[in-house]
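The values are calculated or read from the model by the stated rules, or taken from the named source; none is laboratory data. Note that the structure is predicted; figures quoted are calculated from it, not measured. We place every Cβ from the backbone using ideal geometry, glycine too, and count neighbours over all the protein chains shown.
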Amino acid sequence: MSAKIIVSDVTKIYPGQGRPVVALDRVSLKVPEGEFVCIVGPSGCGKSTLLRILAGLVPCSSGTAAIAGGDRGKPLHSLVFQEYAIFPWKTVLQNVAFGLQMRGVARPEREATACEWIGRVGLSEFTDAYPRQLSGGMRQRVGIARAFANDPEVLLMDEPLGALDAQTRLILMDELLHLWEADRKTVVYVTHDIEEAILLGDRVVLMTARPGRLKAEFTVPFTRPRGIEVMGDPAFAGLSYQIWEALRDEAIAAMGPRA
Amino acid sequence: MSDPHRDRLLALGAPIFLVGLWELAIRTGVLDARFFPPPSLVILTFWRLLTDGTLAAHTAASVTRVLAGFAIGAAAGLAAGLALGTVRSLRVALEPTISALYVIPKVAILPLVMLIFGLGEASKIAIIAIATFFIVVINTTAAVVGVEPLYIEAGRAFGARRLQMFAHIILPGALPAIFTGMRLALGTALIVIIAAEFVAAKDGIGYFIWFAWNTLRPEEMFAGFIVIGALGMLSYEVVRRIGRRVMPWLEDDRPRGGRVDHG
Ligand SMILES: Nc1ncnc2c1ncn2[C@@H]1O[C@H](COP(=O)(O)OP(=O)(O)OP(=O)(O)O)[C@@H](O)[C@H]1O
Ligand SMILES: [Mg+2]
């Protein structure tokens with residue numbers, strides 16, 4: 001399989017006030033076409049930074065990050081933000097159609113596509129609502145629909161379910177699995193939830209506490225298509241524990257020195 | 001406990017009670033009727049001036065000046081503020097000067113404005129335009145600079161180019177704060193026009209009040225105060241309604257939770 005995403009030796013240093021912050025330290029990662037890779041790491045280890053670099057929003061200090069273009073004339077990537085970042089002044093429809101609009105897709109066509117995705121994330125009756133009228137879970141559905149509707153080569157998702165309650169998360173994880181199943185795009189998915197990573201991913205990549213480096217990676221053995229029932233599989237608990245073992249020291253390190 | 005009927009009764013009853021108290025104070029000689037005309041007289045005077053068209057003529061003169069000056073000042077302030085907010089070097093070059101000029105009370109430069117624009121309408125419109133300009137330009141600049149960076153990032157992530165970024169993200173993101181500036185500016189324009197008309201006009205509500213003072217007719221002054229109060233409330237309401245129209249996303253048109261009606 002050809003690599004869709006190649007990150008090699010990426011280092012990111014934020015200048016910051018006073019002393020510079022090393023957010024990423026020589027991170028290398030290859031993601032084959034069609035793979036769903038999950039990145040797990042403690043808070044502040046540079047996960048969002050890595051996605052922002054892939055999305056071309058911040059430059060890296062050294063190294064290279066590249067996404068291989070396709071021949072479809074489609075955008076390279078779409079990002080689902082950790083903080084939703086859907087526009088309060090646009091309706092659900094306008095938000096979801098935003099990427100298409102920026103690319104000059106004609107109105108009837110982009111609205112048809114947007115409506116389709118709004119339907120798939122179950123928000124049809126809120127098509128003309130403004131974000132302030134939606135709950136947190138509904139807002140993030142809009143953020144997800146906005147990225148999918150843009151039909152990119154690669155989906156970049158930054159803790160899309162991070163701010164939601166446990167039940168809503170489970171439901172949305174299941175929905176995400178189904179949405180992804182439809183055309184199996186290449187995905188880089190950041191989360192701090194180990195079970196979420198195993199449930200969704202083909203591969204789980206672990207990062208160290210800041211400065212973020214790659215620490216370990218795990219292949220998820222469950223076949224596709226899958227649903228939340230794999231969480232009941234004994235192998236699920238086994239892998240989950242294995243990853244937690246590897247993550248624990250980093251999580252403690254991330255909390256800083258204790259007296 | 002909140003009972004909307006009782007609340008309304010209180011909100012209406014309290015001022016009526018105070019006015020009654022005022023009338024009583026004058027009738028009993030506690031307040032000097034030469035400075036504080038009894039409310040009954042104020043109301044009668046107000047009614048007379050309203051029906052004979054005196055108030056309408058003066059109000060029209062003031063409102064025309066305010067609208068003309070506000071339109072010019074707000075348009076210029078908006079354009080300048082959008083430019084300053086978007087172009088950093090422009091901001092660095094001009095912001096200190098604008099802030100310094102902003103703090104000068106606009107009434108203070110009225111003599112200068114009259115020197116330049118003469119004694120006619122132009123000087124009144126100019127002083128309103130100047131007062132409006134500074135408030136709008138400062139608020140608009142701050143509004144543009146203050147647009148949540150996350151939304152700008154989201155715009156970039158989805159491929160918005162310069163003009164698209166401006167139309168789809170910067171402008172709507174800045175709009176609420178721009179409107180706050182407009183509302184402030186209109187309030188100030190009302191203050192400034194009254195002050196300007198005190199000294200430099202032959203009509204207008206400010207002139208009317210000043211003239212009433214000169215001719216020792218306090219009840220007419222009070223009639224003028226009523227007009228100013230009404231104008232203030234009206235302008236506030238008009239800006240609020242336009243704001244709701246232009247920014248429908250700020251309106252909560254779906255009452256839910258939290259709002260419990262005990263009526
Ligand atoms: N724009 C910035 N300027 C300066 N420092 C930054 C900036 N963005 C992030 N950082 C720093 O870089 C480090 C990594 O941040 P990042 O947001 O990538 O972490 P994260 O892994 O996504 O954390 P979380 O799980 O809490 O979202 C942090 O120490 C953060 O303080
Ligand atoms: Mg993050």
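From the list A:Ile13, A:Ile39, the one residue that fits, being more than 14 Å from every other protein chain (Cβ to nearest Cβ) and under 13 Å from the mean Cα position of the chain (by Cα), is A:Ile39.
Scanning the stretch B:105-152 for residues that are in a helix (DSSP H, G or I), touching a residue at least 24 places away in the same chain (Cβ under 8 Å) and within 14 Å of chain A (Cβ to nearest Cβ) gives a single hit, B:Ala143.
Applying the condition of being in contact with a helix residue (DSSP H, G or I) (Cβ under 7 Å, 6 or more places away or on another chain) and part of a helix (DSSP H, G or I) to the stretch B:153-165 and asking which residue is surrounded by the most Cβ atoms within 10 Å (Cβ to Cβ) yields B:Gly155. With respect to the conditions (1) at pLDDT below 95; (2) more than 16 Å from ligand 1 (Cβ to nearest atom), A:Leu100 lacks only one, and its number is (1). The set of residues from the stretch A:161-192 being within 16 Å of ligand 1 (Cβ to nearest atom), surrounded by 17 or more Cβ atoms within 10 Å (Cβ to Cβ) and either without any contact (Cβ under 8 Å) to a residue 12 or more places away in the chain or more than 22 Å from A:Ile5 (Cα to Cα) (or both) comprises A:Leu161, A:Leu164, A:Arg169.
Per the listing A:Phe36, A:Phe81, A:Phe87, the residue uniquely farther than 30 Å from A:Pro225 by Cα and aromatic (Phe, Trp, Tyr) is A:Phe87. Checking each residue in the stretch B:39-58 for being closer than 29 Å to B:Phe133 by Cβ and surrounded by 20 or more Cβ atoms within 10 Å (Cβ to Cβ) picks out only B:His58. Each residue in the stretch A:116-137 was checked for being buried (at least 19 other Cβ atoms within 10 Å of the Cβ) and away from chain B (no Cβ under 12 Å), and 4 pass. Checking each residue in the stretch A:95-115 for being within 10 Å of chain B (Cβ to nearest Cβ) and either under 16 Å from A:Leu176 (Cα atoms) or in contact with a helix residue (DSSP H, G or I) (Cβ under 8 Å, 6 or more places away or on another chain) (or both) picks out A:Asn95, A:Phe98, A:Gly99, A:Leu100, A:Gln101, A:Met102.
Flag: A:Ala259 does not match the condition of being away from ligand 1 (no atom under 16 Å from the Cβ), among the small types (Gly, Ala, Ser) and at pLDDT 90 or above. Looking at the stretch B:232-246, can you tell me whether even one residue there is within 11 Å of another protein chain (Cβ to nearest Cβ) and in a helix (DSSP H, G or I)? Yes. For the stretch B:211-218, the count of residues that are in contact with a helix residue (DSSP H, G or I) (Cβ under 9 Å, 6 or more places away or on another chain) and under 20 Å from B:Arg65 (Cβ atoms) is at least one.
Among helices (runs of 4 or more DSSP H) entirely within the stretch A:134-202, having at least 2 residues that are out of contact with any strand residue (DSSP E or B) (no Cβ under 7 Å at 6 or more places or on another chain) and not assigned by TED's automatic domain parsing to the domain that holds A:Leu247 singles out A:136-149.
Please verify whether the stretch B:215-225 includes one or more residues that are of a type outside the set (Val, Ile, Thr), assigned to a helix (DSSP H, G or I) and farther than 16 Å from B:Leu50 by Cβ. Within the stretch B:215-225, one or more residues are of a type outside the set (Val, Ile, Thr), assigned to a helix (DSSP H, G or I) and farther than 16 Å from B:Leu50 by Cβ. Annotation for the stretch A:54-67: at least one member residue is more than 16 Å from ligand 1 (Cβ to nearest atom) and within 14 Å of chain B (Cβ to nearest Cβ). The set of residues in the stretch A:38-55 that are surrounded by fewer than 23 Cβ atoms within 10 Å (Cβ to Cβ), modelled with pLDDT of 90 or more and under 19 Å from A:Glu196 (Cα atoms) contains only A:Ser48. Across the stretch A:205-259, the qualifying residues are those that are of a type in the set (Ser, Thr, Tyr) and in a loop (DSSP other than H, G, I, E, B), and the one among them that is nearest to A:Glu195 (Cα to Cα) is A:Thr223. Number of residues in the stretch A:118-157 that are of a type in the set (A, V, I, L, M, F, W, C) and more than 18 Å from the chain's Cα centre (by Cα) equals 5. Being within 12 Å of ligand 1 (Cβ to nearest atom), under 16 Å from the mean Cα position of the chain (by Cα) and in the same structural domain as A:Ile198 (by TED's automatic domain parsing) holds for only one residue in A:Leu29, A:Leu50, A:Leu24, and it is A:Leu50.
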